[in-house]
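None of the figures in this text is laboratory data; all of them are computed from the coordinates on show. In this text the structure is predicted, and so the values were computed from the model without any measurement. Cβ placement follows ideal geometry from the backbone for every residue including glycine, while neighbour counts extend to all protein chains displayed.
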Amino acid sequence: MAARHPKARTVALLGRSGVGKTTLLDALAVAGGTLERPGRVEDGTTLGATDPEERRHQTSLALSMAPIFIGEDKLTLLDTPGLPDFLLEVDHALEVADVAVLVVSAAEPVTSETGVLWRRAREADVPVVVFLNALDAERADFDHALSALESLVGPALAPLELPLGIGEGFVGVVDLLTDEALRYGAGPAHHEKVPEDLAERERRVRASLLEAIVVGDDSLTERYLEGDEPDLDQLESTLGHLMAEGRIVPVILGSATRAIGVDRLMTLLDEIAESRPIPALEAGEPVELARDPAGDLVLRAFKVIVDPYVGRIVVFEVVSGTLEGDVTLTNTRTQADERLHGMGHLVGTKLVPVARAVTGDVVAIGKVAHVQVGDFLTRRGRSLHPVPGPVAVPAMTLAVSAPDDDKLATALQRLAEEDVALRVHLDPVARQLVATFAGEMHLQVTVERAKRRFGVEITTAPPPVPLYETITKSTTVEGRLKKQTGGHGQFAVVNVRFDPLEPTLPFEFVDEVVGGAVPRQYIGAVRSGIEKAMSHGGPNGFPVVGLRATLFDGKAHSVDSSEAAFETAGSLAVRGALEQVGTVVLERIMAVVATVPADGLGDVLTDLSGRRGRVIGTTQSDQGDAVIEAHVPEAELQRYGLDLRRLTGGRGRATVAPHHLTEAPRSLSAK
């Protein structure tokens with residue numbers, strides 16, 4: 001008989017801050033043989049939440065991971081941050097996860113933040129298992145927590161267990177599938193009969209669970225109606241398929257701090273989690289990449305870690321095939337070959353070398369300097385690219401500065417490599433670095449990391465208002481440069497007609513020169529000079545857009561003409577044209593699509609109106625949320641993501657895309 005191929009799958013741990021995800025990561029790692037004993041968040045000894053900023057704030061701020069092993073099978077656990085500012089880390093974990101564990105505390109309310117994570121997982125089409133944690137806590141309330149979860153998840157919620165005791169008296173669970181109780185103490189859980197005081201409830205809840213499972217399989221339904229109860233293997237197999245389809249959301253009970261139920265969660269994940277195909281674009285067409293151990297070797301990068309001691313590490317998921325030894329693959333984005341060697345499993349911050357990685361596995365590899373998050377690596381000639389998603393409205397946009405600009409740019413570039421929420425660009429007019437942040441906490445953590453890692457003291461200020469200039473009528477000008485400074489002089493003459501274009505078309509260059517009036521080798525220099533002058537700004541200091549420049553005549557000198565001279569003449573032509581006809585100042589209008597809960601629609605519409613927004617229409621999503629389409633000036637969106645989160649209790653989301661340019665109010669252009 002052929003050897004069974006080991007299964008490798010990825011599990012994302014989701015949950016708002018404080019529910020015990022990081023403690024659960026350690027507890028699962030102990031149950032799976034990766035750790036000897038769990039750490040403590042308070043001491044900074046856990047697998048996750050270990051960097052100085054995480055210890056200072058007592059919460060996870062980035063993905064942490066660890067493998068666990070069940071026989072030949074491997075599960076890679078991804079502990080995600082629970083604060084709203086770090087939801088992009090959650091999204092990246094869900095992109096590679098085969099199943100998500102939504103961790104909920106039985107001693108705390110099921111908040112809107114939990115609802116956001118639930119919806120994120122469902123929108124990513126990732127099956128969800130709920131782990132109801134902290135049933136040993138003083139304020140634990142199983143029935144209240146279950147009721148809140150039913151309100152969130154709906155009828156698909158299916159508890160697989162009932163608690164044995166609550167609070168300090170929580171000692172184990174009743175397994176509804178096997179119809180037995182498991183009591184935890186020293187050593188493995190002790191199996192026993194269901195206590196009499198739970199027997200009636202257990203029979204009732206178990207009957208509901210079995211009915212929910214068997215209806216997913218026609219043959220099981222028929223046998224069940226005839227009184228033939230399916231065996232455990234059949235129930236677990238059907239449950240796995242129903243969970244993968246989102247028709248059942250299992251609930252497992254436990255305590256991560258006392259390791260109650262953690263072993264059962266691990267076993268359940270191994271038994272019912274199925275590998276998901278990976279969406280991609282192949283040769284421009286949408287495909288789903290099958291998890292094929294015998295197929296082409298395909299890797300996908302989903303995280304970059306910049307370690308101050310080890311250097312740059314890229315974490316890959318093995319989409320298909322098997323990775324062994326030194327391999328050279330092609331990055332489909334850059335078309336550059338990447339030599340991969342020295343891979344390992346990340347166990348918290350520790351890199352443990354491995355010799356082989358199978359389909360579904362997650363490995364970390366160093367010395368791959370040009371690989372970015374989302375890149376596919378495979379054999380040369382294959383065209384694979386990630387499916388592009390909509391661009392979310394940033395929560396905050398700020399200008400950033402420091403005493404040493406070069407040091408600041410390097411620090412932010414390094415931080416942005418591993419922080420998917422941090423985006424940095426240079427404003428071409430203000431000559432300022434502008435960064436987007438996911439919220440106040442994200443900003444604070446970025447400032448702290450820049451100081452600790454790179455010695456850079458970041459200060460922030462409101463960003464420059466993004467404005468532009470254009471002309472509204474045509475004109476013809478001559479750009480003339482004639483200088484004699486001893487030796488070779490500088491000579492160039494260009495005759496250019498400038499016409500207004502639709503402002504969303506930044507620039508068009510037309511060459512109508514005949515007879516060699518401007519030699520061919522200088523045509524490109526004229527264009528370059530015009531473009532550079534436009535980027536440096538018009539009379540009001542803003543970049544110039546919406547111009548068609550038609551070069552139709554000029555003069556050259558056999559000795560004194562050069563590319564530099566004709567580039568200068570081109571820039572002089574632009575300046576002359578703008579002085580002749582004047583410019584109008586424009587602002588960019590963005591197309592915003594906001595998805596908000598129906599009960600928050602009025603507040604969001606009022607807020608958009610206050611931002612000079614124009615609502616195009618509202619519709620209803622399949623989930624019952626309100627979907628607003630609006631056109632909003634870009635200048636009014638610098639904190640929109642943060643304000644939308646506040647208005648909707650974290651439940652609202654918005655995407656943004658450039659739509660058109662229009663004349664800016666005088667009050668704005670005069671700033």
- Two-site FRET efficiency, Glu288 against Lys483, from Cβ-Cβ distance with R₀ of 60 Å, rounded to 0.05: 0.40
- Query: For semi-axes √(5λ) of the Cα gyration tensor in Å, which listed value, (1) 52, 32, 27; (2) 78, 23, 19; (3) 57, 28, 24, comes from the coordinates shown?
  - Reply: (3)
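Run the numbers for Val593 and Arg56: contour at 0.36 nm per residue of separation, minus the present Cα-Cα distance, in nm. Before the final figure, lay out each step's value.
Working: separation 537, 0.36 × 537 = 193.32 nm, distance 3.65 nm.
Roughly 189.7 nm would be gained on extension.
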- Long-range amide H contacts for Val194: which residues qualify at under 5 Å (H placed 1.01 Å from N, peptide plane, sequence gap of 5 or more or a different chain)? Ala181
- Using a Förster distance of 30 Å, how high is the FRET efficiency between Ser383 and Asp125, based on the Cβ-Cβ distance and rounded to 0.05? 0.80
- HN-Hα J couplings of segment 442-452 from phi, Karplus 6.51/-1.76/1.60, θ = phi - 60°, integer Hz, Gly and Pro as x? 4, 4, 4, 5, 4, 4, 5, 5, 4, 6, 5
- Task: Between Val615 and Val310, take the C-beta separation as r, use R0 = 41 Å, and let me know the FRET efficiency to the nearest 0.05.
- Result: 0.20
- Note on the structure: Karplus ³J(HN,Hα) for segment 547-554 (6.51 cos²θ - 1.76 cosθ + 1.60, θ = phi - 60°; Hz, whole; x = Gly/Pro) runs 10, 10, 10, 10, 7, 10, 6, x
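Of Lys482/Lys555; Lys350/Lys407; Lys74/Lys350; Lys303/Lys367; Lys483/Lys555; Lys367/Lys407, which pairs sit farther than 20 Å apart, going by alpha carbon to alpha carbon?
Working: Lys482/Lys555 11 Å; Lys350/Lys407 29 Å; Lys74/Lys350 18 Å; Lys303/Lys367 14 Å; Lys483/Lys555 14 Å; Lys367/Lys407 23 Å.
From Lys482/Lys555; Lys350/Lys407; Lys74/Lys350; Lys303/Lys367; Lys483/Lys555; Lys367/Lys407, over 20 Å: Lys350/Lys407; Lys367/Lys407.
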- Task: Tell me which residues come under 5 Å, amide H to amide H, from Ser60 once H is placed; ignore anything under 5 positions away on its chain.
- Result: Gly82
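Grab the Cα-Cα distance for Glu150 and Ala207, subtract it from 0.36 nm times how many residues apart they are, and report the gain in nm with one decimal. Walk me through the numbers before you get to the answer.
Values: separation 57, 0.36 × 57 = 20.52 nm, distance 1.78 nm.
Here the answer is 18.7 nm.
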- Where trypsin sites (Lys or Arg not before Pro) fall in DSSP loop in segment 55-154, at most 16 other Cβ within 10 Å: Arg139
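Can you give the charge dipole size of the chain about its Cα centre, rounded to the nearest 20 debye, using +1 on the beta carbon of Lys and Arg and -1 on the beta carbon of Asp and Glu? Kindly include the intermediate steps, with their values, before the conclusion.
Numbers: 67 positive and 96 negative charges, 677 e Å.
So the magnitude is around 3260 debye.
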- Message: Give me Phe498, Phe507 sorted ascending by neighbouring Cβ count inside 10 Å, so fewest comes first.
- Response: Phe507, Phe498
- Query: Helix 601-610 sits at what angle to the longest principal axis of the chain, using alpha carbons and giving 0 to 90 degrees rounded to 10?
  - Reply: 20 degrees
- Describe numerically, in nm with one decimal, the distance between label points set 7 Å from Cα along Cα→Cβ at Arg646 and at Arg339. 5.4 nm
- For the chain, what is the calculated [θ] at 222 nm in deg cm²/dmol (nearest 500), taking -39500 (n - 2.57) for each run of four or more DSSP H residues and dividing by its residue count? -8500 deg cm²/dmol
- Item | With Cα atoms, 0 to 90° folded angle of helix 112-123 axis to the chain main axis | 80 degrees
- Message: Can you tell me the length gained on complete extension of the stretch Thr476 to Ser112, counting 0.36 nm per residue apart and subtracting the Cα distance?
- Response: 124.9 nm
